[in-house]
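K.L.:
The structure under discussion is supplied below as structure tokens; questions concerning it will follow.
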Amino acid sequence: GVTRLLLTRIPFFKEIIVSSFACDSCSWSNTEIQSAGRIQEQGVRYTLAVTSRQDMNREVVKTDCATARIPELDFEIPAFTQKGVLTTIEGIIDRAVAGLEQDQPVRRATDKEVASKIDEFIGKLKQLKEVHSSFTFIIDDPSGNSFVENPRAPQKDDALVVTHYRRTPQQAAMLGLEGEELDEKPADSVEDLRNEVLQFNTNCPECNAPANTNMKLVQIPHFKEVIIMATNCDSCGHRTNEVKSGGAIEPQGTRITLRITDPSDMTRDILKSETCSVEIPELEFELGMGALGGKFTTLEGLLKDIRDLVERNPFTLGDSSMPGKAEKLQEFIGKLQEIIEGKAKAHFVMDDPAGNSYLQNVYAPEEDPELRVERYERTFEQNEDLGLNDMKTEGYESEGPSGR
């Protein structure tokens, strides 16, 4: 037979290698996917509420180490039991049905009771494909390389919940990652850290060549300290920068709303943390938590990053693109460009449950008439995403082993 390989990019995601095998003799065919990138910093969990037949056609990338679950049937496809695949939700169910039916003739001859139970379960799986009632489809991937399509991109999909989480030591060991041992060294004073640019060895995220990452502690006026990290690769010329909060999570979340009325607003400094989501109501656009990472830039720079993220969508290119979807995205890019050029007025909203994001007040220390900063109490779900519900910072010293 013949195996074909294609390097492609999933929109708003990453590069993958699709391999397709076809045999002319018996007409057997098979497709698999392999990640063309590195294991991500965090794991990812996609939770989709399937309510219609259209949802069954959503494209899905499922890697070897991902777990697929349907809680309503108590059904689970464990990690490393199937090879990576680029398919749809209906395709995943069809593969599960085919796998269960494979040994049914032998079971009917040896254990009729087990065979009848499996036949009953196969019937339930086939009923799911008709979507007579809604069900939940969950993909949990510790490597962070799985993906479920959002057909409404770049708008938010209310039926799809994307959660990023830190891998447990067991999940890291399953992926073959070794824990880094930290050298115990005396801590430098804060003043020394402010005046020094720290450097450590890393690998380029594009070509994987050895590179250096520079790290600097910076004080933002009228705000707080942040850590800026910048990587420059001498091999391929790739440059990237990322911002981490230098302080603790604030007692309250922050929602910052800026009314863009003048081209000069594009020069305002912005600190967008990893936990911050961005919204532009006039465009019905929302950028979720974790997308684009942490950034310290200007409003114009962040809007251009959003535009580039939308433009690099391969589902709108080539023969396989839907004409309506491509026109819709081009219309969105045009409206966003008008805002960047100052030709259109809009509201720019930053919502950060951790309270570590910042938008420059050009009238500081006076109030800015176009800028509104709201403080709010976090919900239980937001505290859960930030890991605060399980965190105890007071009274833990007095607890004995029985209290742990």
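K.L.:
Looking at segment 142-160, is at least one residue among the aliphatic types (A, V, I, L, M), surrounded by 12 or more Cβ atoms within 10 Å (Cβ to Cβ) and assigned to a loop (DSSP other than H, G, I, E, B)?
P.N.:
For segment 142-160, residues among the aliphatic types (A, V, I, L, M), surrounded by 12 or more Cβ atoms within 10 Å (Cβ to Cβ) and assigned to a loop (DSSP other than H, G, I, E, B): present.
K.L.:
Which ones in segment 251-276 are over 23 Å from the mean Cα position of the chain (by Cα) and part of a loop (DSSP other than H, G, I, E, B)?
P.N.:
Across segment 251-276, the qualifying residues are Pro251, Gln252, Thr261, Asp262, Arg268.
K.L.:
Might you let me know whether segment 87-98 holds any residue that is part of a strand (DSSP E or B), surrounded by 14 or more Cβ atoms within 10 Å (Cβ to Cβ) and out of contact with any His (no Cβ under 7 Å at 6 or more places or on another chain)?
P.N.:
yes
K.L.:
If the Cβ limit is 9 Å and pairs must be 6+ apart or interchain, which residue in segment 101-116 that is touching a residue at least 12 places away in the same chain (Cβ under 8 Å) pairs with which residue that is among the small types (Gly, Ala, Ser)?
P.N.:
Pairs found: Gln104/Ala115.
K.L.:
Just checking, does segment 61-68 include any residue being open to solvent by 50 Å² or more (accessible area, probe 1.4 Å) and either over 27 Å from Gln171 (Cα atoms) or part of a loop (DSSP other than H, G, I, E, B) (or both)?
P.N.:
Yes, segment 61-68 contains at least one residue that is open to solvent by 50 Å² or more (accessible area, probe 1.4 Å) and either over 27 Å from Gln171 (Cα atoms) or part of a loop (DSSP other than H, G, I, E, B) (or both).
K.L.:
Which one of these does Arg378 not meet: (1) open to solvent by 100 Å² or more (accessible area, probe 1.4 Å); (2) modelled with pLDDT of 80 or more?
P.N.:
All conditions are met except number (1).
K.L.:
Also, quick follow-up: Contact list please: Cβ distance under 7 Å, first residue in segment 259-277 and under 15 Å from Asn361 (Cβ atoms) and outside the structural domain of Asp157 (by the TED database), second residue open to solvent by less than 10 Å² (accessible area, probe 1.4 Å) and part of a loop (DSSP other than H, G, I, E, B), pairs at least six apart or on different chains.
P.N.:
Short answer, once both residue conditions are applied: Leu271/Ile220; Leu271/Ser357.
K.L.:
Taking segment 310-332, which residues are modelled with pLDDT of 75 or more and either surrounded by fewer than 14 Cβ atoms within 10 Å (Cβ to Cβ) or over 18 Å from Pro281 (Cα atoms) (or both)?
P.N.:
Answer for segment 310-332, where residues must be modelled with pLDDT of 75 or more and either surrounded by fewer than 14 Cβ atoms within 10 Å (Cβ to Cβ) or over 18 Å from Pro281 (Cα atoms) (or both): Glu311, Glu327, Gln330, Glu331.
K.L.:
Give the residues of segment 355-397 that are in contact (Cβ under 8 Å) with a residue 60 or more places away in the chain, among the hydrophobic types (A, V, I, L, M, F, W, C) and over 18 Å from Glu286 (Cα atoms), sorted by residue number.
P.N.:
Val362, Ala364, Leu371, Val373, Leu386, Leu388
K.L.:
When you scan segment 277-289, how many residues do you find that are hydrophobic (A, V, I, L, M, F, W, C) and in a loop (DSSP other than H, G, I, E, B)?
P.N.:
1
K.L.:
Cβ-Cβ distance below 9 Å, separation of 6 or more or different chains: which pairs start in segment 126-149 with a residue that is within 18 Å of Ala66 (Cβ to Cβ) and end on one that is in a helix (DSSP H, G or I) and acidic (Asp, Glu)?
P.N.:
Thr136/Glu72; Phe137/Asp55
K.L.:
Something else now. Looking at Phe296 and the list (1) among the hydrophobic types (A, V, I, L, M, F, W, C); (2) within 15 Å of Leu371 (Cα to Cα); (3) open to solvent by 30 Å² or more (accessible area, probe 1.4 Å), which single condition is not satisfied?
P.N.:
Unmet for Phe296, out of (1) among the hydrophobic types (A, V, I, L, M, F, W, C); (2) within 15 Å of Leu371 (Cα to Cα); (3) open to solvent by 30 Å² or more (accessible area, probe 1.4 Å): (2).
K.L.:
So for segment 295-303 (the condition being within 20 Å of the chain's Cα centre (by Cα), part of a strand (DSSP E or B) and among the β-branched types (Val, Ile, Thr)), does at least one residue qualify?
P.N.:
Taking every residue of segment 295-303 in turn, none turns out to be within 20 Å of the chain's Cα centre (by Cα), part of a strand (DSSP E or B) and among the β-branched types (Val, Ile, Thr).
K.L.:
Would you confirm whether or not segment 167-190 contains a residue that is of a type in the set (D, E, K, R), open to solvent by less than 80 Å² (accessible area, probe 1.4 Å), modelled with pLDDT of 70 or more and assigned to a strand (DSSP E or B)?
P.N.:
No, that holds for no residue.
K.L.:
So, one more: Just checking: which of the strands (runs of 3 or more DSSP E) contained wholly in segment 1-60 hold 2 or more residues that are modelled with pLDDT under 90?
P.N.:
2-9, 15-22, 29-35
K.L.:
If you check Thr240, Thr231, which single one turns out to be open to solvent by 20 Å² or more (accessible area, probe 1.4 Å), touching a Pro at 6+ places or on another chain (Cβ under 7 Å) and under 22 Å from Glu15 (Cβ atoms)?
P.N.:
After applying the criteria, what remains is Thr240.
K.L.:
Those residues that are over 17 Å from Asp305 (Cβ atoms) and part of a loop (DSSP other than H, G, I, E, B), I need them from segment 336-359; list them, please.
P.N.:
Gly342, Lys343, Ala344, Lys345, Pro353, Ala354, Gly355, Asn356
K.L.:
Here's another thing I want to ask about it. Do you know which residues across segment 240-260 are of a type in the set (Val, Ile, Thr) and at pLDDT 90 or above?
P.N.:
Listed by number, the residues that qualify are Thr254, Ile256, Thr257, Ile260.
The values are calculated or read from the model by the stated rules, or taken from the named source; none is laboratory data. Source: prediction; values computed, not measured. All Cβ positions, glycine included, derive from the backbone under ideal geometry; neighbour counts span all protein chains shown. To get the accessible areas, we keep the full protein, side chains included, count just its heavy atoms, and leave off ligands, DNA and RNA. Shrake-Rupley method; radii C 1.70, N 1.55, O 1.52, S 1.80 Å.
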